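Below is one structure, written out as structure tokens; the observations come after it.
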Amino acid sequence: MKSNQKRTPFSEVLNHLDRKYSNFDGTGYQEPYYDYIEGAPEENTTRIFQADPYQIIVENPDKVAHKAILFGNDKFLLKANFGSDPEIKITMGQPGVEYVELLQSSSSPFLTQFMRIESENKLQISKFITVNQKNANGNWFQRPMNMQQFKSAYQNQENMLDAPINEEIKGSTYWEIEIEPLTRVFYTIFPLYKVDTSEPLRGNEAIKTFAPARVNTSGGLVLPQQNLLPRR
């Protein structure tokens with residue numbers, strides 16, 4: 001007798017287990033997986049890439065506070081120390097990747113979904129980040145990103161702050177951060193969407209969609225929920 005029960009592809013089972021139990025560190029996860037909706041045709045599945053964060057390391061070895069600039073490719077690519085004070089040192093957590101590579105790639109817009117800040121200096125964790133952006137009319141404006149609001153009673157690690165932020169980064173966008181004396185701080189940023197105009201030449205979509213960030217905290221697994229762009 002033939003069964004009418006729909007069989008689940010074995011590859012889908014493996015992907016489900018991987019997404020449920022693995023803690024992605026963001027290194028080397030560029031292969032897409034597919035979210036299957038039961039009963040939907042295969043061609044309507046959403047192509048989603050696994051979490052692949054940027055990790056930026058900012059260090060101030062001086063005995064006084066200094067300003068660091070993150071991003072701002074259009075304005076700071078050719079500036080000394082990419083706009084940061086001379087004492088500031090910016091590197092990447094990924095081996096073999098230079099900060100200038102991230103800076104140049106940020107000229108292609110992306111939207112963040114989650115950021116983790118880590119530092120032995122507890123004061124640095126909740127420092128304001130000043131976001132500088134240019135609007136459609138070409139006018140600049142600033143706004144503070146208050147990191148203190150993301151402190152949670154459920155997160156008891158004083159040297160770490162998890163922030164589910166949705167910030168658009170493009171060539172003209174840059175962040176200003178005051179770095180405390182003798183301080184090193186890690187900014188791990190997970191993108192949600194990233195634009196790559198060369199992808200259609202290879203038959204892919206111009207907007208790459210990333211799965212929700214998966215990070216471990218002392219309180220368990222954090223899975224920020226995001227609404228994906230509707231497919232056309």
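The values are calculated or read from the model by the stated rules, or taken from the named source; none is laboratory data. The shown structure was predicted, so the numbers you read here are calculated from the model rather than taken from an experiment. Using ideal geometry, Cβ is built from the backbone for each residue, glycine included, and neighbour counts are taken over all protein chains shown.
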Could we say that Lys63 is buried (at least 19 other Cβ atoms within 10 Å of the Cβ) and either part of a loop (DSSP other than H, G, I, E, B) or hydroxyl-bearing (Ser, Thr, Tyr) (or both) here?
no
Check whether at least one residue in region 96-113 is among the hydroxyl-bearing types (Ser, Thr, Tyr), farther than 27 Å from Thr209 by Cα and buried (at least 17 other Cβ atoms within 10 Å of the Cβ), and report yes or no.
no
Checking Glu168 against (1) buried (at least 16 other Cβ atoms within 10 Å of the Cβ); (2) in contact with a strand residue (DSSP E or B) (Cβ under 7 Å, 6 or more places away or on another chain), which test does it fail?
(1)
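Within region 98-122, which residues are in contact (Cβ under 8 Å) with a residue 40 or more places away in the chain and outside any strand (DSSP E or B)? Steps first, answer last, please.
Pass one, region 98-122, residues in contact (Cβ under 8 Å) with a residue 40 or more places away in the chain: 99, 102, 106-121.
Matches in region 98-122: Tyr99, Leu102, Ser106, Ser107, Ser108, Pro109, Glu120, Asn121.
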Counting only residues that are modelled with pLDDT of 95 or more and among the acidic types (Asp, Glu), which one in region 166-179 is nearest to Ile125 (Cα to Cα)?
Glu178
Residue list for region 150-165, filter: modelled with pLDDT of 90 or more and not charged (D, E, K, R):
Asn159, Met160, Leu161, Ala163, Pro164, Ile165
Which numbered condition in (1) surrounded by fewer than 17 Cβ atoms within 10 Å (Cβ to Cβ); (2) modelled with pLDDT of 90 or more; (3) part of a helix (DSSP H, G or I) is the only one that Glu43 fails?
(2)
Pair list, Cβ < 6 Å and 6+ apart or interchain, from region 143-154 residues that are under 18 Å from Glu176 (Cβ atoms) to residues that are surrounded by 10 or more Cβ atoms within 10 Å (Cβ to Cβ) and polar (S, T, N, Q)
Pro144/Thr130; Met147/Ser126; Gln148/Ser126
Based on what the data block shows, is Phe82 among the hydrophobic types (A, V, I, L, M, F, W, C), over 15 Å from the mean Cα position of the chain (by Cα) and buried (at least 16 other Cβ atoms within 10 Å of the Cβ)?
yes
I'd like to know if region 69-78 contains one or more residues that are closer than 23 Å to Lys208 by Cα, part of a strand (DSSP E or B), of a type outside the set (A, V, I, L, M) and modelled with pLDDT of 50 or more.
yes
Which numbered condition in (1) among the hydroxyl-bearing types (Ser, Thr, Tyr); (2) over 16 Å from Trp175 (Cβ atoms); (3) in contact with a Pro (Cβ under 7 Å, 6 or more places away or on another chain) is the only one that Thr91 fails?
(3)
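Return the total of residues in region 123-147 being in contact with a Lys or Arg (Cβ under 7 Å, 6 or more places away or on another chain) and assigned to a strand (DSSP E or B).
Step one: list which residues in region 123-147 are in contact with a Lys or Arg (Cβ under 7 Å, 6 or more places away or on another chain), which gives 126, 131, 140, 147.
From what's left, assigned to a strand (DSSP E or B): 131, 140.
Adding up the residues that qualify gives 2.
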